[in-house]
Amino acid sequence: MSVFMDLNVNYTADKSQLQSLIETAAHLGFSTVAINYVFEPTVKKKQEIPAPTAISELMDPLPVVQGRSRPIRVLNRLTIVMSDASHFRPTAVEYRRFDLLAVQPTTEKLFHAACMIYDVDIICISVTEKLPFFFKRAPVNGAIERGLVFEVSYSAAIRDSTRRRYTIANAVCLMETCKGKVRPLPVPPLDLRGPYDITNLGLLFGLSDGEAKEAVSSTCRSVVLHAETRKTASGIIYTVKSCSDSPPADCKSRLHPVSQSSGWLMVNE
Amino acid sequence: MSPDLERTPRNLLVSERSSFLDQKNRISSQLDQLHFNYKVCVLLPECSSAPSHLDSALNTFSSFYLIRKLPLYELLDTHFLETVRHGGVSGLSYRTRLDEDNCVALMPNGRLSLSLDKDSFELLGVEGKPSRFNHRTKSRFVVCVDLTDSSMAPGGRGYQRLVTGLTSRLPLKTDFLMSLPAGGGASVQALLSRYDWSEHRPEVSSCSLTDLLCPAPLTSDPPAPLTSDPHRLLEWLGAVHAAVSCENSSSSFLSSLVCPEPNKKLSHALRVSVCGLLSHQDVQKLIQEIRVYLSVSPPGSASWASVTLHGFVDSPVSWGGEEHGVLRGGDNFLSLMMFPDQSYLLHLATGAHDTCPP
């Protein structure tokens, strides 16, 4: 197991409220949190992607995690609520300012695209209402192979009994479709709960003991590492010797871009 | 697929009934196998204050040391290794969580156990094996080293590799609790002088209880065999020690725990707990004193006594030096119910991520 992480602490403009959320998270035992900036583009007017506040400006020094001797680690995350394919711009410079990238698709076509094509880390599933589409095994497996994770929010399940029914039903449906291969990230926007409480809630969603605990620890760690890789590695150059006796100048090299960030990996055959 | 909500987390409970007078009783070895003891809780019925010999046993538990930010390579210091080889030195990392951080345990027989996360294990570069309690991915590894072995003598290959690992590749520092054998303080003075350390005595707290509900078979003379489920008995005992009400009143939703039926009210009882890094010898001595107390008490007063010994939740090892883990809880404890005729009822319990108690 790795350290507990909460990758969905909703951003508020009220700095003191955000600080108290981070302090609560540290007190509950989370070693890493990600401040989530939700961006919902509309067709009508052009909106700017919000710029994340620097962590040092937000809180300095960061509170120490309860029961450990290290301060909490704070990341920035962007969630794009998509109702159209044009809402996600892979080449946008603004995305680079965030550590984690998430999308919340609202149609089946976008869900499929997010699972198979988009260069993101997290796919958010809204579970508080009846989903307009069903989960198909193919895109879900495709997403898992690419290292993406699905996120299910449980905060509504805590507050409202009707929404609790929808949350549990939708989450169980997601688990069933994927035969337990999906490892969700149950995280609350507002009401923080301790990591062991979230583990217990995961049991309601149909996860086993081990899977539920992984959802708050190892899965989050793999998401953060996936995000770091996504931001740094962008392509592979591999060189192939055309013939054994010819000088190096004849060696061909091929460029394979993966995404349009900076940095290239060199591989020699 | 609906989750089985009534299924509680998996736990293991071993129950044994025997007598101290029986030659073949294993109580001593069973007590010794729980290496790192955090708390001992004693419950004495019909008693409002501890008799003097018991009181002195409770208040003379050996002290232990807390060293802050101890670099782990210091455990391989030549002089310290000499002390470890004599035996009796035990230590545990403090404020490290077994399911999140790197944890260290040094057992009295000289075995050093490091429970490391994946990144730390890969950095350290010393032979180890994946944890038995890994779920799908191997995210936790255990490195076990016998410090008394010849390969771990200073200069030996195993020793060099581990020292290099802990100094240059993975310079782990952790707060460390250490317990030494009697008179062992002098030998580690050099080590202690290099770091911020403090000596602590185990904390004793006692509480006199009145009108305590208790299972009736325990209070009969002679005590009748307990027919209730051991889980319910231990639940009741835990509720008493945690000061949780067993009344199950309709106005309170906090606890629905009840004392197993049939039950009887005790006019008073004494509850004592001792917390710290406790040594086996002190615990054995305490049990001995309680046996004496039971045998000399007039009939009809003390018809039983209970001692519960809790192991550390975040210790990398529990019963017999086997690996311990934390899933949703990391309990490993021992509950001993003693009677005036020198018989006892022993319960050994662990959580989901643990081996079967001996």
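Tabulated data
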read-out	value
Gain in span if fully extended, B:Gln189 to B:Asp55, counting 0.36 nm per residue against the direct Cα distance	45.1 nm
Other protein chain Cβ atoms within 10 Å, averaged over every residue that makes up B:127-139	3
Cβ neighbours within 10 Å from other chains - mean over B:93-101	5
Rg(Cα) / (2.2 N^0.38 Å) computed for region B:122-203, rounded to two decimals	1.39
Cα gyration tensor category, rounded, prolate or oblate, for chain B with a/c compared to 1.5	prolate
Amide H contacts under 5 Å for A:Val3, placed H, 5+ residues apart	none
Linear extension gain, B:Thr210 paired with B:Ser198, 0.36 nm per residue minus alpha-carbon span	0.6 nm
Order of B:Ile27, A:Ile117 - criterion: other Cβ atoms within 10 Å of each residue's Cβ, fewest first	A:Ile117, B:Ile27
Relative contact order for region B:1-137, counting Cα pairs under 8 Å that sit 6 or more residues apart, in percent	12
Centre separation in Å (Cα based) which lies between region B:3-67 and region B:282-358	3
Chain B - percent relative contact order, Cα under 8 Å, separation 6 or more	31
Residue exposure sequence - A:Lys130, A:Lys213, B:Lys69 - by fewest surrounding Cβ within 10 Å	A:Lys130, B:Lys69, A:Lys213
Histogram of C-alpha separations across region A:102-142, 5 Å bin width, %	6, 25, 36, 25, 8, 1
Theoretical FRET efficiency, 1/(1+(r/R0)^6), r = Cβ-Cβ of A:Thr53 and A:Asp160, R0 25 Å, to 0.05	0.20
Viscosity 1.306 mPa s, temperature 10 °C, Stokes-Einstein D of region A:10-141 from Kirkwood C-alpha radius, µm²/s	97
Alpha-carbon Debye profile of region B:64-200, log10 I(q)/I(0) at 0.09, 0.13, 0.18, 0.21 Å⁻¹	-0.25, -0.53, -1.02, -1.37
Stokes-Einstein diffusion coefficient of the protein assembly as shown, Kirkwood radius over Cα pairs, 4 °C, 1.567 mPa s, in µm²/s	46
Per-residue Cβ neighbour rank within 10 angstrom, fewest leading, B:Arg169, A:Arg68	B:Arg169, A:Arg68
Cα centroid separation - region A:40-82 against region B:96-150, whole Å	34
Residues with amide H under 5 Å from that of B:Asn332, placed H, sequence gap 5 or more	B:Gly311
DSSP beta bridge pairing in the protein assembly as shown, given as percent antiparallel to the nearest 5	75
Region B:64-200: relative contact order in percent, alpha carbon pairs under 8 Å with at least 6 residues between	41
Karplus-derived 3J(HN,Hα), 6.51/-1.76/1.60, for each residue of region A:110-121, Hz, glycine and proline x	5, 4, 5, 5, 5, 5, 9, 10, 5, 8, 10, 10
Sorted largest first, extent of region B:1-112 alpha carbons per principal axis (Å)	59, 50, 34
A:Gln66 versus B:Ser19: modelled label distance in nm, points set 7 Å from Cα along the beta carbon direction	4.9
Extended-chain gain in nm, criterion 0.36 nm per residue less alpha-carbon gap, B:His86 and B:Arg136	13.9 nm
Choice from B:Ser250, B:Ser29, B:Ser115 showing the highest fluctuation, given a GNM over chain B with Cα pairs closer than 10 Å	B:Ser250
Inter-label distance, nm, simple model (7 Å from Cα along the C-beta direction), A:Asp84/B:Ser150	7.9
Sequence-distant residues sharing a close amide H with A:Gly29 (under 5 Å, placed H)	A:Gln66
Cleavage-rule hits, GluC sites (Glu not before Pro), region B:117-204, DSSP coil, Cβ neighbours within 10 Å at most 14	B:Glu127
GNM flexibility winner over chain B from B:Leu180, B:Leu21, B:Leu192 (Cα, springs under 10 Å)	B:Leu21
Average beta carbon contacts from partner chains per residue of B:276-287, 10 Å cutoff	0
At 0.692 mPa s and 37 °C, Stokes diffusion of region B:290-358 via Kirkwood alpha-carbon radius, µm² per second	243
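Throughout, read-outs are computed from the coordinates displayed, never taken from laboratory work. Note that this is a predicted model, so its numbers are computed, not measured. Glycine gets a Cβ as well: all are built from the backbone with ideal geometry, and neighbour counts include every protein chain shown.
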